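Notes for the one structure printed next.
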Amino acid sequence: MKRIIFALFITALIFSSCQQTTKQTDPNQEFDVVILNGRVMDPETNFDAVRNVGIKDGKIAIITESEIKGKEIIDAKGLVVAPGFIDGHQHCLEPYAYRLMLRDGRTTILDLEIGAHGPKLDEFYKAREGKAPLNFGVAVAHEFARAEVLDGFTDWKYLNTPDAVNSRKSMGWTKTRPNLEQGNQILGLIDEGLRQGGIGIGSTVGYMREGVSTREIYEIQKLAGLYGRQLGMHFRGTPGNDVAEVNGIQEMLANAAALGSPAIACHFNNPGYNLVHELLVKMREQGYNVWGELYPYAAGSTALNAVFLEPEIWVKTLGYKYEETLQDVTTLEYYTEESRKEMLKKEPTRACIVYKMPVDAIVDWLKMPGVALGSDGMPIFPDAGLDRNTPYEDYPNTHPRFAGAFAKALRLGQDNDIPLMQLVSMTSYNYAKPLGDMGLKSMQVRGRMQEGMVADITIFSPDNVKDNATYAKGATPSTGIPYVLVNGIIVVKDSKCLPDNVNPGQAIRFEPVAESKLVPLSIDRWNQEFYVIPDDFGGASMKCCDFADEPGHKH
């Protein structure tokens, strides 16, 4: 009985943490914004109750049952007041995407799977400072470092998104095994981005499976770990069957265990997802900071020339038929092997939709605790001069996850009796918590509805929230999310985005550091650390430190 009473007492303390005002907060003051009568939900403490929220100087100043007053008032009766949605896997961080992201409840968009080119990372951030209505940030791109070293390509159109034509002509970045010197150059470019504050490293190794050795992956994970940051990986075998998919994450997790470094399993909603989820859960139980994300769609999207869409992999190995699984984003026609071959000659990076999972698996994904949402929204090619004021109906078509991933997760979850707190956790806390745990200060104060936290807040109707984007009309805004606040500023009001001059978005990044942590790879250094060296330093020469260790490669 004493144990039960004690447990109830502790529970009451936890819940009261979101109810009680702090000693410094005067409930009688006038707040900048007040949100009245909303269902406040905090995933970290599981607090869930109707409360009033007062916002001051960009932070949540008070959560209370008492009456409060403010300069701006939001009546949230019947609505959920949740932490602002965090999309950790959005490849389009351009102005034309902002309104669709906000209408879907997203207050932070990060590209942690590809990211920006290391030497230009600071330039990426400066181009957006004071010009974005939502928070933004990027990892450092493994792919782009390879493109510079192996293809000589440095002319990035959007810094974080490779030029759809020029950067992929030679394809050396995807197929070439670098030698030791080139490997060190690749690491050096990535290191520049980490020193400039990049949020870890993004690696699309699934697109580079021929060119990237296991040694290369290990070394970039080691480099990220030296800075205490994560590797976000598109697995080596993705897309693939359940064996290839799971083996791909095991490569990343084995490195994470050996190095003690954080890691993200990007979009693991593929065959074998249940075992991937179990691996992540078990790793976290052992104290490792590893987590995964997914998007609530049975189809993905990529470029037509992606290596895994070659007939040898897609048709012969995986058993898919182009006529049933590979669809053109613009025409919505399905490809045949011949029509794909013809289109590759004209437009090799043409966007396509790839159907690869049964629709009923989506609900399974939304039931998995600890998993985050990441939309994997793709840039629109060509963008045709799109800007923040372009009418939605004038956007070229794209995968619906670009505009509707978060609203769709909420709608599907509600329709299938998934606890709302589970869904709210997926939209925010499940990305904020692991990023904060690895030392990213801006994420330690987001993803939570608590006093003292940054007022990134999404207010939605659990009954009416709905994604409207379809495969035929992928740039259609979500509905049922009438208010969005970023850093305490209302940016969506009555389901309308505020004008272009309302830009409270902040950079999500680490503080830049001057000193490099990179230790260039060296055969002699490896020998001395991992071999028992005779007095005369003889013995076999070390080959496993090389990035290109196949027979015939020169070291």
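For the range 432-449, the tally of residues that are touching a Phe, Trp or Tyr at 6+ places or on another chain (Cβ under 8 Å) and not charged (D, E, K, R) stands at 6. For the range 417-435, the count of residues that are under 30 Å from Leu194 (Cα atoms), in contact with a Pro (Cβ under 6 Å, 6 or more places away or on another chain) and of a type outside the set (Ser, Thr, Tyr) is zero. Can you tell me which residue is farthest from Phe547 (Cα to Cα) among those in the range 520-532 that are free of Cβ contacts under 8 Å to residues at least 60 places away in the same chain and part of a loop (DSSP other than H, G, I, E, B)? Looking at residues that are free of Cβ contacts under 8 Å to residues at least 60 places away in the same chain and part of a loop (DSSP other than H, G, I, E, B), I get Val532. Taking the criterion of being in a helix (DSSP H, G or I) and open to solvent by less than 10 Å² (accessible area, probe 1.4 Å), the residues of the range 435-458 that qualify are Leu435, Gly436, Met443. Checking each residue in the range 398-419 for being buried (at least 24 other Cβ atoms within 10 Å of the Cβ) and either in a loop (DSSP other than H, G, I, E, B) or without any contact (Cβ under 8 Å) to a residue 24 or more places away in the chain (or both) picks out Thr398, His399, Pro400.
Going by the structure shown, is Leu318 touching a residue at least 24 places away in the same chain (Cβ under 8 Å), among the hydrophobic types (A, V, I, L, M, F, W, C) and in contact with a Cys (Cβ under 9 Å, 6 or more places away or on another chain)? Taking the combined requirement at face value, the residue does not satisfy it. Looking at the structure I just gave you, is Glu67 under 22 Å from Ile490 (Cβ atoms), modelled with pLDDT of 95 or more and either assigned to a loop (DSSP other than H, G, I, E, B) or open to solvent by 70 Å² or more (accessible area, probe 1.4 Å) (or both)? It is true that Glu67 is under 22 Å from Ile490 (Cβ atoms), modelled with pLDDT of 95 or more and either assigned to a loop (DSSP other than H, G, I, E, B) or open to solvent by 70 Å² or more (accessible area, probe 1.4 Å) (or both).
Taken over the range 183-211, the criterion of being among the hydrophobic types (A, V, I, L, M, F, W, C), farther than 15 Å from Leu518 by Cα and out of contact with any strand residue (DSSP E or B) (no Cβ under 8 Å at 6 or more places or on another chain) is satisfied by Met208 alone. Residue check: Glu72 meets all listed conditions (1) buried (at least 24 other Cβ atoms within 10 Å of the Cβ); (2) outside any helix (DSSP H, G or I); (3) touching a residue at least 40 places away in the same chain (Cβ under 8 Å); (4) not aliphatic (A, V, I, L, M) but one, namely (1). Considered as a group, the residues in the range 336-376 that are of a type in the set (Asp, Glu) and free of Cβ contacts under 8 Å to residues at least 24 places away in the same chain include one that is nearest to Ala475 (Cα to Cα), and that residue is Asp360.
Looking at the range 509-555, which of its residues are at pLDDT 60 or above, over 17 Å from Leu187 (Cα atoms) and surrounded by 12 or more Cβ atoms within 10 Å (Cβ to Cβ)? Selection gives Arg509, Phe510, Pro512, Asp524, Asn527, Gln528, Tyr531, Ile533. Candidates are the residues of the range 487-502 that are part of a loop (DSSP other than H, G, I, E, B), open to solvent by less than 80 Å² (accessible area, probe 1.4 Å) and out of contact with any Asp or Glu (no Cβ under 9 Å at 6 or more places or on another chain); the one that is nearest to Asn179 (Cα to Cα) is Val502. Selection of the range 78-88 for residues being touching a Gly at 6+ places or on another chain (Cβ under 7 Å) and open to solvent by 10 Å² or more (accessible area, probe 1.4 Å) yields only Leu79.
Selection of the range 220-240 for residues being in a helix (DSSP H, G or I) and open to solvent by 10 Å² or more (accessible area, probe 1.4 Å) yields Lys222, Gly225, Leu226. Tally up the residues in the range 327-351 that are within 25 Å of the chain's Cα centre (by Cα) and not in a loop (DSSP other than H, G, I, E, B), please. Selection size over the range 327-351: 3.
The residues in the range 459-484 that are outside any loop (DSSP other than H, G, I, E, B) and either in contact with a Gly (Cβ under 7 Å, 6 or more places away or on another chain) or under 30 Å from Gln327 (Cα atoms) (or both) can be counted, and the count is 5.
Looking across the range 333-386, just one residue is at pLDDT below 95, among the acidic types (Asp, Glu) and touching a helix residue (DSSP H, G or I) at 6+ places or on another chain (Cβ under 7 Å), and that is Asp383. Is at least one residue of the range 297-314 within 30 Å of Ala432 (Cβ to Cβ) and among the aliphatic types (A, V, I, L, M)? Yes, because at least one residue in the range 297-314 is within 30 Å of Ala432 (Cβ to Cβ) and among the aliphatic types (A, V, I, L, M). Restricting Val276, Val281 to those that are within 20 Å of the chain's Cα centre (by Cα), in contact (Cβ under 8 Å) with a residue 40 or more places away in the chain and more than 19 Å from Thr302 (Cβ to Cβ) reduces the list to Val281.
From the list Val359, Val354, the lone residue that is under 29 Å from the mean Cα position of the chain (by Cα), in a strand (DSSP E or B) and either of a type in the set (A, V, I, L, M, F, W, C) or closer than 14 Å to Ala306 by Cα (or both) is Val354. So, in the range 400-451, of the ones that are closer than 21 Å to Gln90 by Cβ and β-branched (Val, Ile, Thr), which residue ends up farthest from the chain's Cα centre (by Cα)? Taking the candidates together, the pick is Val445.
The values are calculated or read from the model by the stated rules, or taken from the named source; none is laboratory data. Source: prediction; values computed, not measured. We place every Cβ from the backbone using ideal geometry, glycine too, and count neighbours over all the protein chains shown. Each accessible area value is taken on the protein alone, full model and side chains, heavy atoms only, with ligands, DNA and RNA left out. Shrake-Rupley method; radii C 1.70, N 1.55, O 1.52, S 1.80 Å.
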